[in-house]
Amino acid sequence: FSSRRRHTRLQGDWSSDVCSSDLKGVLYLFPTPIGEGQVSKVIPVFNLELIRTLKHFIAEDAKTARRFLKQCEYPVIQDADIVLLNEHTQSTNYSSFIKPLLDGINVGLMSDAGCPGVADPGAQVVKLAHQNGIKVVPLVGPSSILLTIMASGFNGRSEEHTSELQSPCNLVCRLLLE
C-alpha cells in the first residue's frame, strides 16, 4: 500500500485476512449507507461480520471509511490499514492496490456512499482485479440507482422500455426527471 495511508498496526492475528500462499486474496466490494442512519438497518449482518475480519481496505476518504468501520463495530479502528483511492490518485498507482490481493490478502473496497465501482474510482481496481484473475465479490447493500428504479414504478419488462434498457443512464435520468 502507498505512503498516503493512515497506518497503525498493533500485535494481532492476521490469519483471518491471509489466504494460503498459492491462492490470491478476494476483493470484497462493501456498499456503504447513502444517507444518515443506523448501519444495521441498511447493511446485511453478513457484511458487518465479514468487514470485521478484514484488516486491509481501499477507500475514497480515510475519515469516512473509519466512521463506517466504527458504525460496523469494527474491533480496533487503528488496526485497519486504509489506502486512499480518489480523484487525486494517479493511474500509475492503481497496480499497488492489487498487490496485497496477489499476495493472498483479502481486501475490502468501499465507496463514500453507495456501491463501490459505480460512478466511483474503485471501478479501476475492480477492472485490474479481474485482469489479474482475482476473485471479486460484490456484497448486497444500498444502491441509489436500484432505489430510484424501485421507487419509480418501472418494472423493466415492458416493451416500451426496451430502448431505454440499452442505456441505463437514460433510464435513470428519465426517472429522476419525472
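The values are calculated or read from the model by the stated rules, or taken from the named source; none is laboratory data. As the structure is a prediction and not an experimental result, all values here were calculated from the model. For neighbour counting, all protein chains shown are included, and Cβ atoms are generated from backbone atoms with ideal geometry for every residue, glycine included. Keep in mind that these areas ignore ligands, DNA and RNA; they rest on the heavy atoms of the full protein, side chains included. Shrake-Rupley method; radii C 1.70, N 1.55, O 1.52, S 1.80 Å.
Residue pairs whose Cβ atoms lie under 9 Å apart, separated by 6 or more positions or on different chains, with the first residue in region 24-38 and in contact (Cβ under 8 Å) with a residue 12 or more places away in the chain and the second surrounded by fewer than 19 Cβ atoms within 10 Å (Cβ to Cβ) and of a type in the set (Asp, Glu), are Lys24/Asp103; Gly25/Asp103; Thr32/Asp112. Selection over region 77-96 of residues that are modelled with pLDDT of 95 or more and open to solvent by 40 Å² or more (accessible area, probe 1.4 Å) gives a count of 0. Taken over region 34-60, the criterion of being on the phi < 0 side of the Ramachandran plot, assigned to a loop (DSSP other than H, G, I, E, B) and either open to solvent by 20 Å² or more (accessible area, probe 1.4 Å) or in contact with a helix residue (DSSP H, G or I) (Cβ under 6 Å, 6 or more places away or on another chain) (or both) is satisfied by Ile34, Gly35, Glu36, Gln38, Val42, Pro44, Arg52, Thr53, Leu54, Lys55, Glu60. When Lys70 is tested against (1) in a loop (DSSP other than H, G, I, E, B); (2) of a type outside the set (Ser, Thr, Tyr); (3) more than 21 Å from Pro100 (Cβ to Cβ), only condition (1) is not met.
For (1) part of a loop (DSSP other than H, G, I, E, B); (2) open to solvent by 60 Å² or more (accessible area, probe 1.4 Å); (3) modelled with pLDDT under 75; (4) among the hydrophobic types (A, V, I, L, M, F, W, C), each residue gets a yes or a no:
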site: Lys127; (1), (2), (3), (4): no, yes, no, no
site: His130; (1), (2), (3), (4): no, yes, no, no
site: Val136; (1), (2), (3), (4): no, no, no, yes
site: Val140; (1), (2), (3), (4): yes, yes, no, yes
site: Leu146; (1), (2), (3), (4): no, yes, yes, yes
site: Ile149; (1), (2), (3), (4): no, no, yes, yes
site: Gly156; (1), (2), (3), (4): yes, no, yes, no
site: Glu164; (1), (2), (3), (4): no, no, yes, no
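Taking the criterion of being at pLDDT 95 or above, touching an Asp or Glu at 6+ places or on another chain (Cβ under 6 Å) and surrounded by 20 or more Cβ atoms within 10 Å (Cβ to Cβ), the only residue of region 97-117 that qualifies is Asn106.
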